[in-house]
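Here the structure comes first, spelled out in structure tokens, and everything after it is commentary.
No value in this document is a laboratory result; all are computed from the given coordinates. Predicted model, so just to flag it, every value in this text is computed and none were measured.
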Amino acid sequence: MNKPYIDSLTTKTESKYELIVAAAKRARQITLQEPEMTRAGKINPVSQALHEINDEIVTWDCEEKE
């Protein structure tokens, strides 16, 4: 599985920080849902999360404080 390029990922969000937070939260979900796959090294949860963001499988809302 090829890693998505950062240029294509940054077009999905307004900031790199928002992208990192979304990927980290999704990677945590993947780790909790498929612990034996992640321990065996069959999937990398961060790479999987970035692919899902790039393919627009995962979406999120960001609350803005005024």
Calculated Rg and Dmax of the chain using C-alpha coordinates, Å: 12.6, 44
Contour minus Cα-Cα distance for Ile43 and Glu14 (0.36 nm per residue): 7.7 nm
Extended-chain gain in nm, criterion 0.36 nm per residue less alpha-carbon gap, Tyr5 and Trp60: 17.8 nm
Note, ³J(HN,Hα) from phi for region 28-35, Karplus 6.51, -1.76, 1.60, rounded to Hz, x at Gly and Pro: 5, 4, 4, 4, 6, 7, 10, x
